[in-house]
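Right, one structure below, let's go through it.
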Amino acid sequence: MDFDRYDRIRPIRWEGDHLALLDQRRLPAVVEYVQCADSDAVATAIRDLVVRGAPAIGIAAAWGAVLAGQAVQAADGAQALELMTPALGRLQAARPTAVNLMWALARVRRTLLASGSDWLNVLAGQARSIEAEDLAANRHMGALGAALIAPGSGVLTHCNTGSLATAGFGTALGVIRAGVAGDRIARVFASETRPWLQGARLTVWELLQDGIPATLVADAAAAHLMKTGAVQWVIVGADRICANGDTANKIGTYSHAIAARHHGLKFMVVAPSSTVDMDTARGEDIEIEMRDPAELLAVSGQRTVAEGVEAWNPVFDVTPAELIDAIVTERGVVERPTVQGMRALFAEGGA
Ligand code: MRU
């Protein structure tokens, strides 16, 4: 496909001595980059959702590690790692659920241990590779996922899984881009994704940049939409895929999966191998991020709920493997995921 026709947004820009992150809290009204001059600024940006989406968080952390490296003097990688350990720990603690963050930092640590005096260049090269590998994986998954969809289908997606959430092209949104380009997808619906509105503020905006028409629905309208027969596939990304195929993704994904199964629709998860965590056996073992209840109690900073009311704000949920028809990764597709099916592609763990 003509990749240049699609996907022109880049949320992460390495500027040589600092990291520029597209401020996703302000989109679509304001397109502005936050400049991160040190690794703690990157950790804060990850925690505060300036940059978000599992692969993008991993990439930002890899560049955050380069900034941590620029702040120390060391003769070799092992010494650098010792000096950088507190900063790497703060990056890792920024968010708990998306395993790409831990995966990228584990790769940083391994690389440092194997590096000599040119460790800082090696580290920067690795951040560039993590970014390039993610873009290539997304483009490949786009083709693999689109091939599963019958021509003329309607699809529903949740949260934002596009260029904004990755190095480019996107995971679930990459499949949608490829599916639209190949005339397999005729209609795209996006659920708004309360409370942070990734679907409403980011996904439909991103599709608009590509000239792909998309229809926004309230999260609560998803089951009714499925009942009308307008969609054949629900396509989502992932923050962590366990050894048995259980998948953590943005809150609301699980209810979409239940509704899809009830209506006889197909459910696809699209994620690079950096999101696969073969060390986590099943969904119950995943830490689900709990965020400030204030995110639920206010809209655009304006309190909408009576004072004194409490809120419970888990921002991810786990879709059990039995509700998933296909997990699409750059290594291949796992249909009707099981431990055996996952092991066949990920015998040695994730990427
Ligand atoms: O809280 P967020 O916006 O970081 O959550 C993002 C999601 O849940 C995405 O669906 C997931 O990371 C896949 S992104 C390719």
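The values are calculated or read from the model by the stated rules, or taken from the named source; none is laboratory data. Computed from a prediction, not measured in an experiment: that's the story for all the values here. As a convention, Cβ positions derive from the backbone with ideal geometry for all residues, glycine included, and neighbour counts pool all protein chains shown.
Considering only the range 197-210, I want to know if a residue exists there that is assigned to a loop (DSSP other than H, G, I, E, B), over 13 Å from the mean Cα position of the chain (by Cα), under 24 Å from THR97 (Cα atoms) and within 16 Å of the ligand (Cβ to nearest atom). Within the range 197-210, one or more residues are assigned to a loop (DSSP other than H, G, I, E, B), over 13 Å from the mean Cα position of the chain (by Cα), under 24 Å from THR97 (Cα atoms) and within 16 Å of the ligand (Cβ to nearest atom). The condition (being out of contact with any Leu (no Cβ under 8 Å at 6 or more places or on another chain), farther than 17 Å from VAL51 by Cα and either among the hydroxyl-bearing types (Ser, Thr, Tyr) or assigned to a helix (DSSP H, G or I) (or both)) is satisfied by just one residue among LEU120, LEU135, LEU112: LEU120. Looking across the range 261-279, the residues that are touching a residue at least 40 places away in the same chain (Cβ under 8 Å) and either surrounded by fewer than 14 Cβ atoms within 10 Å (Cβ to Cβ) or within 16 Å of the ligand (Cβ to nearest atom) (or both) come down to PHE267, MET268, VAL269, VAL270, ALA271, PRO272, SER273, SER274, THR275, VAL276, ASP277, ASP279.
Filter the range 152-185 down to residues that are surrounded by fewer than 24 Cβ atoms within 10 Å (Cβ to Cβ) and more than 19 Å from ASP2 (Cβ to Cβ) and give me whichever is farthest from the ligand (Cβ to nearest atom). Ranking the candidates gives GLY152 first.
Here VAL305, VAL309, VAL318 are screened, and the one residue that is within 22 Å of the chain's Cα centre (by Cα) and not assigned by the TED database to the domain that holds ARG95 is VAL318. Any residue in the range 84-107 that is more than 16 Å from the ligand (Cβ to nearest atom) and under 17 Å from ARG128 (Cβ atoms)? Taking every residue of the range 84-107 in turn, at least one turns out to be more than 16 Å from the ligand (Cβ to nearest atom) and under 17 Å from ARG128 (Cβ atoms).
Scan the range 286-299 for residues that are within 19 Å of the chain's Cα centre (by Cα) and either more than 22 Å from ILE241 (Cβ to Cβ) or not in a strand (DSSP E or B) (or both) and the total you get is 5. Taking the criterion of being part of a loop (DSSP other than H, G, I, E, B) and within 15 Å of the ligand (Cβ to nearest atom), the residues of the range 35-52 that qualify are ASP48, LEU49, VAL50, VAL51, ARG52.
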